[in-house]
Amino acid sequence: MAEKAAAEKGHEAKDVDVTAAGRGVWLVKVPKYLAEKWEKPESGSDVGKLRITRSKVGAGKPEVVFTSNEAILKQEGPPVAIPRQHKFALTGMSSQNLVVFSQQLGTDQVSVEGKVIQRAECHPVADDSYMKLKRKQLEINNKPKREIVLLQNVVPMYKPRSHHVSTLEDRRRVKDGEKRSRLDKEKVMDMLFAAFEKHQYYNVKDLVGITKQPIPYLKEILQEICVYNMKAPHKNMWELKPEFRHYKQTDSST
């Protein structure tokens, strides 16, 4: 509901101040480093001055030089001084009709600041300040994003671990296997016969849990008294050999 209300408010008709609609303004593209300086100018100060010199040739374009205010350039910013002087490269408007609007912060008041009568691009004068700035920019751009740093002290976040969870689990399984000592063969067979009296089929994992014997030793005994099923429906399961079975007829038919 809030988004819908905001959208409806954005399409409401608003009054526009057109007092300065007839004023001619210039649309100038400036370098990023210069625009950043203009974002927070000192209160009541100018960002710079323009010097326009008419061309000595009759229909030639005038020479336009912009000189930045030193107070603006000394604001916090790049460590290398940026060029103070820039030249404007004037371009034609052709058939374009452009208007500049402005809106006061915190209000809905919209004003027309003027009609664009001239477009231009602001280029720095290639002096020593500009060369130093470009050299600094190249150094920053060419600096590798990743670099090798020699650590003088131990970094806690990369503290090595001598034992990992997976390693501990493997050691525990090996230790448990070593604990399974071999019982007398007859005792193991008695446990197996007792188990097969309850169920006809077992997998080796279940029989290991019942007898607590090492798998190789258990399989040796199973091969003597049991049959390993290779086909469904009891694939990979053990059952007693026919001569050791004592199931009821109803049980054997299941």
Among (1) touching an Asp or Glu at 6+ places or on another chain (Cβ under 9 Å); (2) more than 13 Å from W26 (Cα to Cα), K132 falls short only on (1)
- [ ] Return yes when V125 is surrounded by 10 or more Cβ atoms within 10 Å (Cβ to Cβ) and either over 30 Å from G22 (Cα atoms) or in contact with a helix residue (DSSP H, G or I) (Cβ under 6 Å, 6 or more places away or on another chain) (or both) and no when it is not.
- [x] yes
query = Is it the case that Q213 is more than 35 Å from the chain's Cα centre (by Cα) and modelled with pLDDT of 85 or more?
reply = yes
Only unsatisfied item for D17, checking (1) open to solvent by 70 Å² or more (accessible area, probe 1.4 Å); (2) closer than 25 Å to D108 by Cα; (3) at pLDDT 75 or above; (4) not small (G, A, S), is (1)
Scanning the stretch 211-225 for residues that are farther than 14 Å from W238 by Cα and either among the hydroxyl-bearing types (S, T, Y) or in a helix (DSSP H, G or I) (or both) gives T211, P216, Y217
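The values are calculated or read from the model by the stated rules, or taken from the named source; none is laboratory data. Bear in mind the structure is a predicted one, so any value in this text is a computation, not a measurement. All Cβ positions, even for glycine, are placed from backbone atoms using ideal geometry, and neighbour counts span all protein chains on display. Side chains included, ligands, DNA and RNA excluded: accessible areas come from the protein's heavy atoms. Shrake-Rupley method; radii C 1.70, N 1.55, O 1.52, S 1.80 Å.
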